[in-house]
Structures are given as structure tokens and as C-alpha cells.
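Student: Could you have a look at this structure, given as C-alpha cells, before my questions?
The values are calculated or read from the model by the stated rules, or taken from the named source; none is laboratory data. None of these values were measured; they are calculated from a predicted model. Neighbour counts run over all protein chains shown; Cβ positions are idealised from the backbone, glycine included. Surface accessibility is based on the protein's heavy atoms, side chains included, excluding ligands, DNA and RNA. Shrake-Rupley method; radii C 1.70, N 1.55, O 1.52, S 1.80 Å.
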Amino acid sequence: MIVMAIATFVGVWAQQFSVTGEVTGLQDGTVLQLVPMSHDNESPIAETIVNEGRFRFDGSVIDGLPFPMCAYICVKDSRGGIYLMLEDSPAVVNGNVIKNNADQDGHYNYDWNVTVSGSPLTSKLNDYQAQRDALNKRFSEYHERHAEVLKQHNAARQAKDKAAMQAIEQTDAYKAYAADEKEFFATVERTYKGIINENRDTYWGPMMAMYLMTYFTEREKPMFESFSTEAQQSWYGKKMKEEMMPAGDTGEKAKELTVRDDNGTQYTLSELAKGKKVLLIDFWASWCGPCRKEIPNVKKQYDLYKDKGFEVVSISIDKNEAAWRKALQQEQLQWPNFLDTMGAADAYKVRSIPAMFLIDAETLTVIESGEYARGEFLAQKLAELFGNE
């Protein structure tokens, strides 16, 4: 007798969905999860167990999540999965799953060679995935075609031989690779923009932007503004906006955060800003080259305006505390510094660094963020804010 585990759910019932599967390659007892697709670390909405190659997810999407929804099925605590759309139509998964070796973190990677039937929206998603697969194939082909010159260039880079790198870059072989690389990324941009623009009137616009792109910055703001009101206000649209402007849009309240110093004392955003006029929150790491290249500019601005009410707070996302402390000693930063042990980076949706946020310390509203809170933009804004004092 075959027994299939039925997924369990917590929360308020909403729209019904059903996903059944029959696959080879997964051991009995393997735990599968059904997870909403987004750039955040979303909690699974359901779990089930594989029995004799079969599994089943039945239930409802809880309130607060979208429906229809783009989600993926994966083995718990592993990498790799299959994307599909949860909708009213029952989806059926068939095929083979291959378990690969574990990575350095001990996580196994699974290749899902499967098809999904019964779901019209998944078919639409698969059409777009086919375009991305074609790009992946093209990437592999031209890298294989230029493998020898890339091997030479990589060896010179690892040896830190700049002269050799420059000599290789002047060869016809490397120039041919560079031309293929340029054309490839131009094609990627055209393809992705085409897919996103095709769907800008519905939730599919921001959903596909999230599906195709790794992260969002303020550079994607024109894309977001091209979406319809319906798309912007969808679950995916709100997620996209929050990621582009994690501290909030200009003039909006900044996100709350908490940090802790070496003595265990905790500080909130309001406590860090107390008695100041302008606060710069700088998320960085010892290993981040662009972060450290920005430090001289921040030091210059700090020296110019610290006596007028300008404060800087640096929050490191380093996992290696010793590396962070070594960087602090090297950089000799004169403002408060913290290692992020309390989720400040998560609160500000930091996915790439440097991530900088200029905040009005009196109202705790956002003045500028992203690229507009560093470099020459930062210098200009601070001159504007403090210039007449």
C-alpha cells in the first residue's frame, strides 16, 4: 500500500492549490518544501515526504501571500529545485531528480529534470524559462569556444601579473572573446527587458523581474515606475519597491534597526541618531573592495561636517570577526562601528554592499539611499545640507 504524506499548513486558509509528483532519484523519507519565489528568505508554505517516488502538496495559500503564486519545490536544506505557478488548476510533476555532491557548506545540490503539466500559468512561465535556458546555452558555448585564452588570462590574474594580463587582452583571441561577451550581455538585457515590458500591466511584470534578476537597486526604479498601478501594488511589486529602497523612499520613515557593541549594549536607530542632524548608515565588509574604496570619501565628509551634526555608523556584515577587527585597525574609522549580530542588514534588505543610507537624524526619514548616498552624490548632498551653516 502506497501512503503519500499530505502537507501541513499553519495560518488562515485562502485559495486552494494542489501539486502531485512522481519522480525517480529521491529516497523514501526525503522532505520536500514548497517555497514562495522572491529575493527574500521566504518560509516554506508547506512540507511533505517522498514515498516510493511520489509526493503531494494539497492546501491553501495563507493570507498575505499572492495567489496565483510563483513557487519552487526543493529538498529541505539543499540547493536546486523546480519552479512552478500555484493556481486553481492542479499541477503534476514528473521526471527524474539527480543528487549531486555536497558543497563546502555541506548542502547537497539537486538537478530537477522534470516537467510540470496541468498548470497553464506554469506553461507560460516555462516559455520565459526557455528563453533564459537559451541564453545559458549561448554563454556556455562562447566560453567553451574561448576556453584557451580565458585559461591564460585567468592564470595571469591569479599570478597578479598585470603585464601578462594586458598583453593577453591585446591579442585577437581575447578581443574576439570580449566582443562575444559584450554581445551576450546586450542580448541578455534585451531579452529580460522584453519579457518584463511584455508584462508591465500585471503582477507578472515585477514577478518576472524578480525571477530573472538577482537583486534590485535604485537603477531599476524607472522599470518599476513603468509598471501599472496594479503591478506596483501587487505582492511582487511591493517586494520589488522595498528591495530597491530598503530604508524607504525619500521622505519616508527609515527602517528600525538594532546593533550591539563589544560590551553588549544595544542601540536603536533613534539612539544612534540622538543629538545629531544627519546620520549615514554604512553597511560594508572587510572583503568588499568597493566598500573600502568609499571609505576615504566618507572620512573626508565626516571631517568636514562632524562638528555640525553629521554622524556615520558603519555596520559590518563580516562573518569572520577577526577579519572585521583587522580591517577596523587598518582603516582607523573615527565613528561608531558594529558587527551585525542582530539582523540590521536583514531589516534594511541588504543584498549587495556597499549599501548606504543617509537619514535625517531628527525626523528619522530617508534623505538619500543607494548610489545617491555615496561618492560625489554624498558630497553634494552634505554640502547642500550643511553648506550655509
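Student: Take the residues of region 174-218 that are among the β-branched types (Val, Ile, Thr) and under 24 Å from Lys238 (Cβ atoms): which is nearest to the chain's Cα centre (by Cα)?
Tutor: Thr214
Student: Looking only at region 102-118, decide whether some residue is within 30 Å of Lys182 (Cβ to Cβ) and free of Cβ contacts under 8 Å to residues at least 12 places away in the same chain.
Tutor: Going through region 102-118, the residues within 30 Å of Lys182 (Cβ to Cβ) turn out to be none.
No, the conditions are met nowhere in region 102-118.
Student: Could you say which residue among Tyr348, Tyr305, Tyr236 is modelled with pLDDT of 95 or more and buried (at least 20 other Cβ atoms within 10 Å of the Cβ)? Outline the logic, then answer.
Tutor: Numbers: Tyr348 fails: modelled with pLDDT of 95 or more; Tyr305 fails: modelled with pLDDT of 95 or more.
The unique qualifying residue is Tyr236.
Student: Further, regarding this structure: Could you figure out which of (1) modelled with pLDDT of 95 or more; (2) assigned to a helix (DSSP H, G or I) isn't true of Arg132?
Tutor: Condition not satisfied by Arg132: (1).
Student: From (1) crowded, with 19+ Cβ neighbours inside 10 Å; (2) out of contact with any His (no Cβ under 9 Å at 6 or more places or on another chain); (3) without any contact (Cβ under 8 Å) to a residue 40 or more places away in the chain; (4) within 22 Å of Met85 (Cα to Cα), pick out the condition that doesn't hold for Tyr211.
Tutor: (3)
Student: Here's something else I'd like to know. Please go through region 341-379 and pick out each residue that is within 22 Å of Tyr302 (Cα to Cα) and under 19 Å from the mean Cα position of the chain (by Cα).
Tutor: Scanning region 341-379 gives Ile353, Pro354, Ala355, Met356, Phe357, Ser369, Gly370, Glu371.
Student: Hey, any hits in region 269-286 for a residue that's in contact (Cβ under 8 Å) with a residue 40 or more places away in the chain, open to solvent by 30 Å² or more (accessible area, probe 1.4 Å) and part of a helix (DSSP H, G or I)?
Tutor: Within region 269-286, one or more residues are in contact (Cβ under 8 Å) with a residue 40 or more places away in the chain, open to solvent by 30 Å² or more (accessible area, probe 1.4 Å) and part of a helix (DSSP H, G or I).
Student: Go through region 81-108 and give me each residue that's among the small types (Gly, Ala, Ser), under 22 Å from the mean Cα position of the chain (by Cα) and not in a loop (DSSP other than H, G, I, E, B).
Tutor: If the condition is that a residue be among the small types (Gly, Ala, Ser), under 22 Å from the mean Cα position of the chain (by Cα) and not in a loop (DSSP other than H, G, I, E, B), then Gly81 is the only one that fits.
Student: Continuing with this model, one more query. Look at region 146-162 and say how many of its residues are assigned to a helix (DSSP H, G or I) and open to solvent by 70 Å² or more (accessible area, probe 1.4 Å). Please lay out each step first, then the result.
Tutor: So in region 146-162, the residues assigned to a helix (DSSP H, G or I) come out as 147-158, 162.
Now restrict to residues that are open to solvent by 70 Å² or more (accessible area, probe 1.4 Å): 148, 151-152, 157-158, 162.
Residues flagged as assigned to a helix (DSSP H, G or I) and open to solvent by 70 Å² or more (accessible area, probe 1.4 Å) within region 146-162 amount to 6.
Student: Before we move on, is Ile353 open to solvent by less than 20 Å² (accessible area, probe 1.4 Å), among the β-branched types (Val, Ile, Thr) and not in a strand (DSSP E or B)?
Tutor: In short, no.
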